[in-house]
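Trainee: Take this structure first; my questions come after.
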Amino acid sequence: QQQVKQSPQSLIVQKGGISIINCAYENTAFDYFPWYQQFPGKGPALLIAIRPDVSEKKEGRFTISFNKSAKQFSLHIMDSQPGDSATYFCAAIQPQGAQKLVFGQGTRLTINP
Amino acid sequence: GAGVSQTPSNKVTEKGKYVELRCDPISGHTALYWYRQSLGQGPEFLIYFQGTGAADDSGLPNDRFFAVRPEGSVSTLKIQRTERGDSAVYLCASSSYQGPEAFFGQGTRLTVV
């Protein structure tokens, strides 16, 4: 059972455009939602994260939008650059116990120059 | 160290052999996680240590997999009688007691031939 569903699987955006990646979750006990960026041959790197008590969080060109009632959240990358080309993973954490990450399937983002 | 360090970066082993993968977490981080990432997929949780003890090993696929963290710092993931299906990137992450943010190493790519 996939607890966090991510779409699209791949995305191509022109330089300067807006990249949008969507995630949906099932477990209402999740209370922390990070996004990770992964380059080939590297481990995932924390990009930005949000808690469900806010609807939006912005850090530079990266924004998370969160819809608690719909159990959905999304990553927006403004003014996308070729250096943003990577695989992006959404994830979720439960507050109790191990606080282990449950990842989405990933989105391979390509920014064309 | 400045980040999570994993060794080796790559490991090729023959089916049936025993392997050990090492993780050196960020200094002072009490929580340590192992994840496994198959090609084109998000990382999947294997095991969680808080200090020296394995607090949650629910993600280990079977009893061929074992992990230790004897002094509460460095951890070793051990795989016995390796199978071709064990081929994946094994990721280690650590976090402090102060927050859920997990920081990943670059991973060990295990190939079983």
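All of the numbers you see were taken from the coordinates with simple rules; none came from a lab. What you see is a predicted model; the values in this text were computed from it and never measured. Heads up, the Cβs are rebuilt from the backbone with ideal geometry, glycines too, and the neighbour counts pull from every protein chain shown.
Trainee: Efficiency by 1/(1 + (r/R0)^6): what FRET value for residue B:30 and residue B:78, r their Cβ-Cβ distance, R0 = 35 Å, to the nearest 0.05?
Mentor: Details: r = 22 Å, r/R0 = 0.62.
Rounded to the nearest 0.05, the efficiency is 0.95.
Trainee: Post the alpha-carbon centroid distance, region A:34-113 to region B:89-113, in whole angstrom.
Mentor: Their Cα centres are 17 Å away from one another.
Trainee: Starting from the Cα-Cα distance between residue A:58 and residue A:42, subtract it from 0.36 nm times their residue separation and give me the gain in nm to one decimal. Intermediate results must be reported in sequence, preceding the final value.
Mentor: Values: separation 16, 0.36 × 16 = 5.76 nm, distance 2.48 nm.
Additional length available on full extension: 3.3 nm.
Trainee: Just want the answer: with Cβ charges of +1 for Lys and Arg and -1 for Asp and Glu, which residue in B:72, B:19, B:34 is farthest toward the dipole's positive end in region B:5-108?
Mentor: Of the options given, the answer is B:19.
Trainee: Give me A:103, B:103 ranked fewest to most by other Cβ atoms within 10 Å of their Cβ, as a rough exposure proxy. Numbers along the way, then the final one.
Mentor: On the way: A:103 25, B:103 18.
Ascending Cβ contact count within 10 Å gives the list B:103, A:103.
Trainee: Relative to a virtual label point 7 Å from the Cα of residue A:18 in the Cα→beta-carbon direction, which members of region A:67-109 show backbone nitrogen distances below 11 Å?
Mentor: Counting only backbone N, you get A:76-79.
Trainee: Let me ask something else about it. Give the Debye-formula value of log10 I(q)/I(0) at each listed q (0.07, 0.09, 0.14, 0.16 Å⁻¹), with one equal scatterer per alpha carbon of the protein assembly as shown, two decimals each.
Mentor: Log-scaled intensity ratios, in q order: -0.22, -0.37, -0.88, -1.11.
Trainee: If you wrap a convex hull around the Cα atoms of chain A, how much volume per residue is inside, in Å³? Before the final figure, lay out each step's value.
Mentor: Details: hull volume 11.3 nm³, N = 113.
Taking the convex hull of the Cα positions in chain A, it is 100 Å³ per residue.
Trainee: Counting other Cβ atoms within 10 Å, keep those with at most 15, restrict to DSSP loop, and tell me which GluC sites (Glu not before Pro) in region A:11-85 are left.
Mentor: On the way: sites: A:26, A:56, A:59; in loops: A:26.
Hits after loop and neighbour filter: A:26.
Trainee: For the protein assembly as shown, what is the percent of antiparallel DSSP beta bridges, rounded to the nearest 5? Mind showing how you got there, number by number?
Mentor: On the way: 69 of 78 bridges.
So the antiparallel bridges in the protein assembly as shown amount to around 90 percent.
Trainee: About the Cα centre, and with charges only on the beta carbon of Lys, Arg (+1) and Asp, Glu (-1), how big is the dipole of region B:5-108? Nearest 20 debye, please. Show your work: numbers first, answer last.
Mentor: Numbers: 10 positive and 11 negative charges, 74 e Å.
Using only the charged Cβ atoms, the result is roughly 360 debye.
Trainee: Can you bin every Cα-Cα distance in chain B into 10 Å intervals starting at zero and give me the percent of pairs per bin, rounded to whole numbers?
Mentor: With a bin width of 10 Å, the distribution comes to 16, 51, 29, 5, 0.
Trainee: Show me the chymotrypsin sites (Phe, Trp or Tyr not before Pro) within region B:1-91 that DSSP assigns to loop and that have at most 14 other Cβ atoms within 10 Å of their Cβ. Don't jump to the answer; show the numbers that get you there.
Mentor: On the way: sites: B:18, B:33, B:34, B:35, B:45, B:48, B:49, B:65, B:66, B:90; in loops: B:18.
Hits after loop and neighbour filter: B:18.
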